[in-house]
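What follows is a short report on a single structure.
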Amino acid sequence: MNELVSVVIINYNNKDYLGRCINSILNQTYKNTELIFIDNVSKDGSFDYVDKTFTSENIVKIRNMENLGYAGGANQGIRLSKGKYVLVMNPDVILEPNFIEECYNFINQDESIAAVSGKLLKYDFNRDVKLNIIDSTGITINRSRRAVDRGQNTEDIGQYEDTEQIFGVCGAAAFYRKSALEDIKIDQEYYDEDFFAYKEDVDLSWRLNLYGYKCMYYPNAIAYHGRGLGGSKGGIRNFIKNRKSQSEFLRGISFRNHYLMLIKNETVDTYKRDKYKIMKRTLLFLGYAVFYERFIFKYIKDILKYKNRMFEKRKVIMKNRKISSEELKRLFTC
């Protein structure tokens, strides 16, 4: 019997994408689904558009009176979900018709799999065309603790066709086993709502790993993401150019959440092995920030503000940790 799969969309001012996104969900080959649409106080008519255009009884529509962020909106949707599995996704994602069926069949084979990332490719919404450029094949973290979407902005030439364990799943289209989310939640939160947005998908994946679950990449599940191109070239000039294309808020909260995530999840053994790489990356970035992004330093106050709460959450995580140090070390790439 095919169990119910819940799909949660978290929206904020993305009306232009919603028609194509929702239609791709409704046209799935896997039919036993429910859709939960969470709107975070959009000003562009998003909620009214969805409310009038999509009238199926299988669509739950929630209009929030305040912006709960990605983390809060996703948690709201997961709590409302009735499915055995939950697909949490951005509104600028278009699923291939068999995406849910592929994820369902794959995750259903192994109870230790808590999360699945499919192959996400780029989508150009302006031209309404699919691109053969990779957006994400899962999240990797290196030994300096830099988290990246694997393969991002490279041409898809078949280099990511193997099913394999990864550090984490990309939050743009993350397929979760709900029982695993229930197992790892802290204070009734799956995603950490102190993060608000950015890095919350990495943090959740890290916690899944610590609790002994697996995050997997499955290339047969394909979707398209409207995230723009950028950041594919190396060098300090391209790094600065890519950073400046992002808002100060995005850069600041991402910086803050990175260190909140380390406080919560970093283990003693892995830190001992990688501390010099971690410290080197931190010092290099702070040196860069002195010259180019001084606004970043005000977010250090936020880290100090939240650190005690992170340490309390850390106690819960480490108490429930099941993965060995050696297994965990293998998840951090060079």
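Some points to look at:
- Condition broken by Arg150, with the remaining ones in (1) of a type outside the set (Val, Ile, Thr); (2) surrounded by fewer than 23 Cβ atoms within 10 Å (Cβ to Cβ); (3) more than 16 Å from Trp206 (Cβ to Cβ) satisfied: (3)
- Of all residues in region 255-295, those satisfying the criterion of being basic (Lys, Arg) and either within 26 Å of the chain's Cα centre (by Cα) or within 15 Å of Arg143 (Cα to Cα) (or both) are Arg256, Lys264, Lys272, Arg273, Lys275, Lys277, Lys280, Arg281.
- Gln159 being in contact (Cβ under 8 Å) with a residue 12 or more places away in the chain and under 30 Å from Lys280 (Cβ atoms): no
- Extreme residue, surrounded by the fewest Cβ atoms within 10 Å (Cβ to Cβ), among residues of region 54-112 that are within 17 Å of the chain's Cα centre (by Cα) and assigned to a loop (DSSP other than H, G, I, E, B): Asp92
- Qualifying residue in region 1-8 (condition: over 20 Å from the mean Cα position of the chain (by Cα), over 22 Å from Ser179 (Cα atoms) and of a type in the set (A, V, I, L, M, F, W, C)): no
- None of Lys15, Lys31 is in contact with a Gly (Cβ under 8 Å, 6 or more places away or on another chain), of a type in the set (D, E, K, R) and assigned by TED's automatic domain parsing to the domain that holds Ser81 except Lys15.
- Which listed residue is aliphatic (A, V, I, L, M), touching a Ser or Thr at 6+ places or on another chain (Cβ under 8 Å) and farther than 23 Å from Val8 by Cα, from Ala173, Ala147, Ala115: Ala147
- Failed criterion for Val268 (all others in (1) loosely packed, with under 11 Cβ neighbours inside 10 Å; (2) over 25 Å from Gln165 (Cα atoms) hold): (2)
- Taking the criterion of being in contact with a Leu (Cβ under 8 Å, 6 or more places away or on another chain) and either without any contact (Cβ under 8 Å) to a residue 40 or more places away in the chain or surrounded by fewer than 11 Cβ atoms within 10 Å (Cβ to Cβ) (or both), the only residue of region 280-334 that qualifies is Lys322.
- Failed criterion for Cys215 (all others in (1) surrounded by 23 or more Cβ atoms within 10 Å (Cβ to Cβ); (2) over 23 Å from Val8 (Cα atoms) hold): (2)
- Number of the condition not met by Gly230 [criteria: (1) of a type outside the set (Asp, Glu); (2) in the same structural domain as Glu164 (by TED's automatic domain parsing); (3) modelled with pLDDT under 95]: (2)
The values are calculated or read from the model by the stated rules, or taken from the named source; none is laboratory data. This is a predicted model, so every value here is computed, not measured. Because the Cβ atoms are built from the backbone with ideal geometry, glycine has one as well, and the counts that use them run over all protein chains shown.
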